[in-house]
Amino acid sequence: MKALQLEKPQQFRFIETPEPAAPGHSEALVRVQRVGICGTDYSGFLGKMPFFSYPRIPGHELGVEVLAVGDGVTNVRPGDRCSVEPYMNCGECFACRKGSTNCCENLKVLGVMMDGGLTERMLLPARKLHPANKLSPEQCALVETLAIGCHAVNRGNPVAGENLLVIGAGPIGLSVIEFAKLSGAKTIVMDLNKQRLKFVRTKMGVPDTICSRGDGGELVALKEMTGGALAQVVVDATGSNKSMAEAMKYCGFTGRLVYVGITQAEVTFPHAPVMHRRELTLFASRNALPPDFTRIIKLIEDGRIDTRPWITHHAVLDELIAKFPTFAKPETGVIKAIVDME
Ligand SMILES: NC(=O)c1ccc[n+]([C@@H]2O[C@H](COP(=O)([O-])OP(=O)(O)OC[C@H]3O[C@@H](n4cnc5c(N)ncnc54)[C@H](O)[C@@H]3O)[C@@H](O)[C@H]2O)c1
Ligand SMILES: [Zn+2]
Ligand SMILES: [Zn+2]
């Protein structure tokens, strides 16, 4: 079979790989139909992703078709189209035992710490497949990105009528926006990039945006938009430690701040007065949970999430090496690039 491997940072190579074995107990053999490309893949390409090891076949946002199943598999059948939950958890650690499989202590993410989906066929644990026969293969590939936002919003737990500020309108911020809107919270989006804010207003149906200029005008604008209350929930999806440190000041009294963006840099903020006086709560948000996938598939089926604005770029596998560098650059207008593996 043909697969695309990242040999080392900045160097892709097509390789021949052996055909997978027949599926064993609780496994499924799948044909990869579509692979979404995201910032994680791009960071892996650049050599800036700390968890990425080489050589590696990337690809964790997958739309697949089941070809065969092993003994004991009941959740999927040959012919099923599925979205893949790419978080391979151990099932035994403290987090797994309490159901927090998203942050298993021994977690391996497909395409990051183990080979992923830029290949023709692969074996997967059947429990990681979420059937989605009414979705298109590319919609299946989009579910994982949406799941990141779904979990982040669940962490902040907004209720209808609250104000929810999303900072950062990249693909992860947009996935947060989808679930912020569904929660009934008044959603406000902040970014430095005017083009991305325009996308939010025109394609995501969120009229209230704030262009962050770092001059204090952001806080004034947020106060105006919220009648002085600020945001009960703030989700930072920038990955910028500077933004993450500042984000607290946008939280109203008793507010919740969720960090869904990731940084390895220090995030420094004074505890008092803001965090203490307003009695704020800070949440990390990692990956997503199995019920998030089920929920998202249903939301897309029911037309409550419109995936049309999302998929902006396409490639077939043979074109990917050439097109890949443009697939993570906001200047190209990319939200989600999808690789057609068929
Ligand atoms: N929690 C998870 O499990 C998870 C999963 C995938 C990705 N991520 C992380 O989510 C983050 C966002 O990913 P993405 O693909 O959307 O990235 P992206 O770079 O496309 O988007 C980030 C956005 O934040 C904006 N931004 C940056 N600094 C800002 C600031 N100071 N103020 C306002 N806006 C600012 C940028 O203009 C950009 O539009 C990354 O850190 C990524 O690693 C987290
Ligand atoms: Zn991704
Ligand atoms: Zn575990």
Place the peptides 300-312, 83-95 in order of packing, highest mean first, counting for every residue the other Cβ atoms within 10 Å and averaging per peptide.
83-95, 300-312
Going 7 Å from the Cα of K8 in the Cα-to-Cβ direction, what parts of the range 42-64 have a backbone nitrogen less than 20 Å from that spot?
42-58
For the chain, Rg(Cα) over 2.2 N^0.38 Å is 1.00
Reference-scaled alpha-carbon Rg (2.2 N^0.38 Å with N residues) for the range 110-149
1.25
Any chance you could run the full-extension gain for H276 through T74? It's 0.36 nm times the residue separation minus the Cα-Cα distance, nm to one decimal.
67.7 nm
Expressed as a whole number of Å, what is the distance separating the alpha-carbon centroids of the range 294-310 and the range 136-180?
12 Å
Starting at 0 and stepping by 10 Å, how many percent of the alpha carbon pairs of the range 213-316 end up in each bin?
13, 32, 30, 21, 4, 0
Note, the range 307-321: 3J(HN,Hα) by Karplus (6.51, -1.76, 1.60, θ = phi - 60°), whole Hz, Gly/Pro = x, goes 7, 4, x, 6, 8, 9, 9, 10, 8, 8, 3, 4, 8, 5, 4
Filter the trypsin sites (Lys or Arg not before Pro) in the range 201-248 down to the DSSP loop ones having no more than 15 other Cβ atoms within 10 Å, then list what survives.
R213
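Counting other beta carbons within 10 Å of each residue's own, what order do V73, V233, V112 fall into, fewest first?
Listing V73, V233, V112 from fewest to most nearby Cβ atoms yields V73, V112, V233.
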Can you give the translational diffusion coefficient of the range 227-287 in µm²/s, computed by Stokes-Einstein from the Kirkwood radius over Cα pairs at 10 °C and 1.306 mPa s?
137 µm²/s
Name the residue, out of G261, G184, G117, whose mean-square fluctuation peaks in a Gaussian network model built on the chain with Cα pairs under 10 Å.
G184
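Every number in this text was worked out from the coordinates using simple rules, so none of it is lab data. Owing to the predicted nature of the structure, the values given are computational and were not obtained by experimental measurement. Glycine also receives a Cβ, built like all others from the backbone with ideal geometry; neighbour counts cover every protein chain displayed.
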